[in-house]
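Beneath this line is the structure, given in structure tokens, with notes to follow.
The values are calculated or read from the model by the stated rules, or taken from the named source; none is laboratory data. Computed from a predicted structure; not experimentally measured. Every residue, glycine among them, receives a Cβ derived from its backbone with ideal geometry; neighbour counts consider all protein chains shown. Please note that ligands, DNA and RNA were not included when accessible areas were found on the heavy atoms of the full protein model with its side chains. Shrake-Rupley method; radii C 1.70, N 1.55, O 1.52, S 1.80 Å.
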Amino acid sequence: MESKRARLDRFISQHLKVNRKNVRLMLAKGQVRVDGELARDIDLIVDEFSHICVNDEVIQAKQASYIMLHKPVGVVSATVDDKHKTVIELLECDDRNSLHIVGRLDLNTSGLLLLTNDGRWSKQLMDPEYKVGKLYRVELQNPLTVEYISAFAKGMYFEFEDITTLPAELEIVDSHTALVTLYEGRYHQIKRMFGRFRNPVVGLHRISVGQIVLDKTLASGQSRPLTPEEIKHKLT
């Protein structure tokens, strides 16, 4: 979902149903403010979260929303589902139905889930070209060996989709626990990669996305807005 961007004169023309010549006159007379500042440049690019006033009348005031949720096991990453409670139902914010999920988690996966109404922001987090790492704690049924590290680092070929996964980082924590960092989000990717070793995943928990780390004070099912620092440093 991409945020809508447009030139200021085009936006006002379409919104107020006036021609662009009249819009230019409004700008020249100082009748337009964008995000509290006087706007005179017809080429100014605005988006769906720009606060725009014409003659002191607000014509757009949509607010960007960024939410961190501690997703529990057994809750589905969807807006609507007939069988399971959805992550949207766990939220208490008024605009929850306008949010979309940034990188879904499987039904039986817990941990950090991000939700927003800002499509450009979510694209930068999830698109593999930005190489944003997603860190998971993985519990395995069988013991780990050092061979896992190199196999994950090389990437794995999946014949069904005819794709090779991007290199992933694996750190062995103990005999049955690993930390895995992915830079993409293939279908059931972690479970399928460990499946190459015939080692079932018995627990999967997302710890962080980029520098956004799951708040340890959030109990399972709880959520909070992201801080300005978390929003700003999403790609670091």
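Test Leu166 against the stated conditions and say whether it is touching a Leu at 6+ places or on another chain (Cβ under 8 Å), hydrophobic (A, V, I, L, M, F, W, C) and either surrounded by 13 or more Cβ atoms within 10 Å (Cβ to Cβ) or over 17 Å from Leu105 (Cα atoms) (or both).
Values: touching a Leu at 6+ places or on another chain (Cβ under 8 Å): yes; hydrophobic (A, V, I, L, M, F, W, C): yes; either surrounded by 13 or more Cβ atoms within 10 Å (Cβ to Cβ) or over 17 Å from Leu105 (Cα atoms) (or both): yes.
Here the answer is yes, as Leu166 does meet what is asked.
Show the residue pairs that are 6+ apart or on different chains and have beta-carbon atoms under 7 Å apart, the first residue being within segment 156-179 and within 21 Å of Gln141 (Cα to Cα), the second being open to solvent by 20 Å² or more (accessible area, probe 1.4 Å) and among the basic types (Lys, Arg).
Met156/Arg196; Thr177/Arg137; Leu179/Arg137
Quick one: Val209 ticks every box in (1) open to solvent by less than 10 Å² (accessible area, probe 1.4 Å); (2) in contact (Cβ under 8 Å) with a residue 60 or more places away in the chain; (3) over 15 Å from Ser110 (Cβ atoms); (4) not basic (Lys, Arg) except a single one, so which number is it?
Condition not satisfied by Val209: (3).
Output the number of the condition that Ser223 fails; it satisfies all remaining conditions of (1) buried (at least 18 other Cβ atoms within 10 Å of the Cβ); (2) without any contact (Cβ under 8 Å) to a residue 12 or more places away in the chain; (3) not hydrophobic (A, V, I, L, M, F, W, C).
(2)
Residue-by-condition table, conditions (1) assigned to a strand (DSSP E or B); (2) without any contact (Cβ under 8 Å) to a residue 12 or more places away in the chain:
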{"residue": "Asp9", "(1), (2)": "no, no"}
{"residue": "Asn22", "(1), (2)": "no, yes"}
{"residue": "Arg33", "(1), (2)": "yes, no"}
{"residue": "Gln63", "(1), (2)": "no, no"}
{"residue": "Ile67", "(1), (2)": "yes, no"}
{"residue": "His70", "(1), (2)": "yes, no"}
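Considering only residues that are of a type in the set (D, E, K, R) and either part of a loop (DSSP other than H, G, I, E, B) or open to solvent by 80 Å² or more (accessible area, probe 1.4 Å) (or both), which ones fall in segment 174-188? Walk me through it before giving the result.
So the first thing to find is which residues in segment 174-188 are of a type in the set (D, E, K, R), and the list is 174, 184, 186.
Of everything in segment 174-188, those that are of a type in the set (D, E, K, R) and either part of a loop (DSSP other than H, G, I, E, B) or open to solvent by 80 Å² or more (accessible area, probe 1.4 Å) (or both) turn out to be Glu184, Arg186.
Of the conditions (1) part of a loop (DSSP other than H, G, I, E, B); (2) open to solvent by 60 Å² or more (accessible area, probe 1.4 Å), Val132 satisfies every one except a single condition; which number is it?
The failed condition is (2).
Going by what's in this entry, would Leu105 be described as within 22 Å of the chain's Cα centre (by Cα) and either at negative phi or open to solvent by 10 Å² or more (accessible area, probe 1.4 Å) (or both)? Give the steps one after another, and end with the answer.
Working: within 22 Å of the chain's Cα centre (by Cα): yes; either at negative phi or open to solvent by 10 Å² or more (accessible area, probe 1.4 Å) (or both): yes.
Judged against the criteria, Leu105 is a match.
What are the residues in segment 49-61 that are open to solvent by 30 Å² or more (accessible area, probe 1.4 Å) and modelled with pLDDT of 85 or more, if any?
Once the filter is applied, which keeps residues that are open to solvent by 30 Å² or more (accessible area, probe 1.4 Å) and modelled with pLDDT of 85 or more, segment 49-61 yields Phe49, His51, Asn55, Asp56, Glu57, Val58.
Take Ala78 and decide whether it is under 25 Å from Glu48 (Cα atoms), among the small types (Gly, Ala, Ser) and either touching an Asp or Glu at 6+ places or on another chain (Cβ under 6 Å) or open to solvent by less than 50 Å² (accessible area, probe 1.4 Å) (or both).
Numbers: under 25 Å from Glu48 (Cα atoms): yes; among the small types (Gly, Ala, Ser): yes; either touching an Asp or Glu at 6+ places or on another chain (Cβ under 6 Å) or open to solvent by less than 50 Å² (accessible area, probe 1.4 Å) (or both): yes.
Taking the combined requirement at face value, the residue satisfies it.
Of Lys154, Lys216, Lys191, which residue is within 30 Å of Ser65 (Cβ to Cβ), out of contact with any His (no Cβ under 6 Å at 6 or more places or on another chain) and open to solvent by 60 Å² or more (accessible area, probe 1.4 Å)? Explain how you work it out, then say what you get.
Details: Lys154 fails: within 30 Å of Ser65 (Cβ to Cβ); Lys191 fails: within 30 Å of Ser65 (Cβ to Cβ).
Every option except Lys216 fails the conditions.
Yes/no matrix, rows are residues, columns are (1) at pLDDT below 95; (2) within 18 Å of Ser77 (Cα to Cα):
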site: Gly111; (1), (2): no, yes
site: Asp118; (1), (2): yes, yes
site: Met126; (1), (2): yes, yes
site: Leu140; (1), (2): no, no
site: Ala151; (1), (2): no, no
site: Lys154; (1), (2): no, no
site: Glu159; (1), (2): yes, no
site: Thr165; (1), (2): yes, no
site: Glu169; (1), (2): no, no
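Any residue at all in segment 35-58 that's farther than 29 Å from Thr116 by Cα, among the charged types (D, E, K, R) and in a helix (DSSP H, G or I)?
For segment 35-58, residues farther than 29 Å from Thr116 by Cα, among the charged types (D, E, K, R) and in a helix (DSSP H, G or I): absent.
With respect to the numbered conditions (1) in a strand (DSSP E or B); (2) open to solvent by less than 60 Å² (accessible area, probe 1.4 Å); (3) acidic (Asp, Glu), which one is the sole condition not fulfilled by Glu171?
So the condition that Glu171 fails would be (2).
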